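Here the structure is laid out as structure tokens; the discussion comes afterwards.
The values are calculated or read from the model by the stated rules, or taken from the named source; none is laboratory data. Note that this is a predicted model, so its numbers are computed, not measured. A quick note on method: Cβ atoms are made from the backbone with ideal geometry, for glycine too, and the neighbour counts reach across all protein chains shown. Remember, those area values only see protein heavy atoms, side chains included, never the ligands or the DNA or RNA. Shrake-Rupley method; radii C 1.70, N 1.55, O 1.52, S 1.80 Å.
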Amino acid sequence: MEGLTMIGHFENAADLVADHLPLPTPDMDGEALFKLGLAYSSGQDGCPLDRVSAHMIFNLAALKGSLEARSYRKEMSEEMCSEELAEAQRAARRWIDTGNTHCAA
């Protein structure tokens, strides 16, 4: 399926680092995550064009307080099929469950 996530197919971030892809990190704030989501949504800055990964990262950015990420996540959702959305949500949940993201107050 086109646009299926790179991030969601790996068990941990170390697998992605080996491939030299830019990744979300626990210390990134909402703005930095938003910019990373933009890179995945447009295929720039060393990121593949990947809507699922972009949606996942926009979701993380929104949790850290980025209002822009919420808007972009909504737009992306309208362009994605239900399987892609489900994968993006699972990937974000996995990232959060590992303790890598703390929500904005």
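Heavy atoms of the protein chains alone define the surface here; on that basis segment 35-105 has 52 Å² accessible area per residue at 1.4 Å probe size.
From zero outward in steps of 10 Å, how is the percent of C-alpha pairs of segment 40-105 spread across the bins? Result, from short to long distances: 23, 53, 23, 0 percent. Here segment 29-92 is treated with +1 on each Lys and Arg Cβ and -1 on each Asp and Glu Cβ, and its dipole about the Cα centre works out to around 200 debye. Taking the accessible area of segment 42-93, probe 1.4 Å, and keeping the other protein chains in place, the carbon and sulfur fraction comes to 46%.
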